[in-house]
Amino acid sequence: MTNPTIPTVTLNNGVTMPQLGFGVFQVPDEETEAAVSAALEAGYRSIDTATIYGNERSVGRAIAASGVPREELFLTTKLWNSDHERAVEAYDASVERLGMEADLYLIHWPTPGRDLYLRAWEGLERLYADKRVRAIGVSNFLPEHLDRVVSQRGIVPAVNQIEVHPLLQQRDIQAADTRLGVATEAWSPLAKGGALLAEEAVTAIAERLGRTPAQVVIRWHLQQDRIVIPKTVTPARMAENLDVFDFDLTADDLAALDALEDGTRTGPDPATFNGA
């Protein structure tokens, strides 16, 4: 399968982004260019990276070499925690590494112990006002962080990228996103594979539909209107993860996956994470 039609999500400023994209978290820099090149060849048009991932240069090289027109792509990168007081300069450095401007720029973590995310958001608002980025948003923000940004700053975040999968659904954050008009984007959407994809509720649905467990979980996200960015460096799995638009889960299927919630995190807790 090549170049599937990927649905888009319209953000709160009217910008559209693909609902299914490709993430490069924990992809080593030396493997990133090949992985992103393969993803673009498979049909992905949204690429998600971050300063802290250390692979922005390789993402940029893959995009430049792909031959895909820049206007057909949606590129996200993120502001790291130690740069909250110098967001514009940090973005400039990301642009230099990527070789291009981003479409979406996110504050990676609120780091509440540092309490500088409002200052960071002010920098992102400057970038947006200067039309350096098409949209600005946040990542790992809890409802109280979102409410504070919305009440004290001028622009509502377009996206909140949070850890979501059947084992950790964070419905309180998703509800806050919906209340404020913020799109929810799921990172670690497959919970790093393994235990989740072996759950009987997942495998039974996959067997009945003739699909893989990963496809079932990705479909669960899509039918609940989340943006999703699964990661893999295997081209066959890249294609498999895109092949999810010609089937539907039933209401019972969705409920069975919802019932898997057990609070299992694959990453830090944003209420306490303050890493620099």
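Structure above, values below:
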| item | result |
| --- | --- |
| Taking the range 10-190 and dividing mean pair separation by its residue count, relative contact order in percent (alpha carbons under 8 Å, at least six apart) | 17 |
| Exposure proxy ranking, count of Cβ atoms within 10 Å, fewest first, for Thr32, Thr234, Thr264 | Thr234, Thr264, Thr32 |
| Net length gained if the chain between Asp258 and Thr203 were fully extended (0.36 nm per residue, minus Cα distance) | 18.4 nm |
| Cα pair count fraction exceeding 24 Å, expressed as % - the range 89-207 | 36 |
| Gain upon complete extension [Arg86, Arg126; 0.36 nm per residue less C-alpha separation] | 13.2 nm |
| Label point distance in nm, Ala236-Lys192, each placed 7 Å from Cα along Cα→Cβ | 2.4 |
| GNM flexibility winner over the chain from Glu56, Glu185, Glu89 (Cα, springs under 10 Å) | Glu89 |
| Amide N proximity, the range 220-248 versus Leu180 label position 7 Å along Cα-to-Cβ, cut-off under 17 Å | 227 |
| Among Pro213, Pro157, Pro112: highest mean-square fluctuation, GNM of the chain, C-alpha pairs under 10 Å | Pro112 |
| GNM result for the chain, Cα springs below 10 Å: residue of Gly123, Gly113, Gly23 fluctuating most strongly | Gly113 |
| Alpha-carbon centroid distance for the pair the range 25-65 / the range 147-222, whole angstrom | 22 |
| Coarse-grained scattering of the chain at q = 0.12 Å⁻¹, given as base-10 log I(q)/I(0) from a Debye sum over alpha-carbon atoms | -0.70 |
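Every number in this text was worked out from the coordinates using simple rules, so none of it is lab data. Keep in mind that this is a model prediction, so the values were computed, not measured. Glycine also receives a Cβ, built like all others from the backbone with ideal geometry; neighbour counts cover every protein chain displayed.
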